Structure formats: C-alpha cells, structure tokens
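Notes follow the structure.
FYI, it's all coordinate maths here, none of it is from the lab. None of the values given here were measured: they were computed from a predicted structure. We place every Cβ from the backbone using ideal geometry, glycine too, and count neighbours over all the protein chains shown.
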C-alpha cells in the first residue's frame, strides 16, 4: 500500500497530524498576524545544601540565576530548532523570572514570551523554562544528585484563533 492508498486517519482535531496519520507542520500562511503572549512555569528542587548555595551565590560556576536567565532566553529563541514541527517565530520579547522558595528548597522559574505573528509562542515559553531549569541543574549538580526538575506547565496564553487561556489550578 502506498501513502496515497492509505486510509484516511481520524486525527481527532490534532493540528499536527495529516489525514493519513502522519506528523506534519501546520500551514500558517493564511493566518492573520496578531499579538500573542505565553507564560510558562516550572521549578528546580535543589535540596538544602544546593538551595543555600544558590541563595547565597556560593556556586563555584558563577551566578546561577543570571546564567539560567540567559540560557532561558537562548532556549526560547531556539525552540523551532529543537522541536521538529515548531514554527520559527520572531520573538519580540522574552522575560525570565526566578523566585526562591525556601519551604520547597526550590528555584521557581517563569518565562513570558511575546510576538506579533500568525502562530503562538507557547512552545518558546515552555522551552525557555526547560532550558533555564536544566541550566540550574547543571550548575548545581556537583552539590547534589537529588535535584529534580518539576511542574513544567503553560500558565497562560493570549491571541490566536483559539483565544485566550489561563490555567486555573
């Protein structure tokens, strides 16, 4: 059976699946440009020693949060190179924010991405948080092997045909 003879695939409305059940990049050429934003979050649970070292800026490799901030911005800019079906997006702004959660001994990470275009920036925000979290891990791994990256999620998005979204939990 050739690809042309394959039976139609019921994608269930998944935009990255064609009628034959194969992965595809979505054609956004006919979509209107609109302002789009996305906010994503995650955390890196460090444990007591690594958390104290980050908090007190005592990591030998340098200022963990500054390096992770730069890495997160670079990650957002590389999302389409890392994710096969992700469009190349002209980002107009990427912000990376950190909070130190003493109770959980964690670095909390939030990324905000913005563009004006035909497709959203959720993947860029999620990639930014992921790369920032991996950078925190890399810079702290000599202090603990128990570090855990957790809670990667989309918090909100605006723009596009599907409208706005805000996580409720």
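Here are the numbers for the structure shown:
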| quantity | calculated |
| --- | --- |
| Residues of the range 96-118 with amide N under 12 Å of a point placed 7 Å along Cα→Cβ from residue 153 | none |
| Sorted by Cβ density within 10 Å, fewest first, the residues 110, 161 | 161, 110 |
| The range 28-159, relative contact order in percent, only Cα pairs under 8 angstrom and at least six apart counted | 46 |
| With Cα atoms, 0 to 90° folded angle of helix 64-77 axis to the chain main axis | 10 |
| Whole-Å semi-axes of the ellipsoid equivalent to the range 28-159 (Cα gyration tensor, √5λ, descending) | 30, 13, 11 |
| Taking 127, 135 and counting other C-beta atoms within 10 Å, the order from fewest to most | 135, 127 |
| Förster radius 45 Å - calculated FRET efficiency between residue 32 and residue 141, Cβ distance, rounded to 0.05 | 0.50 |
| Exposure proxy order (Cβ contacts within 10 Å, fewest to most) of 98, 51 | 98, 51 |
| Nearest 10 degrees, 0 to 90: helix 122-140 Cα axis against the chain principal axis | 30 |
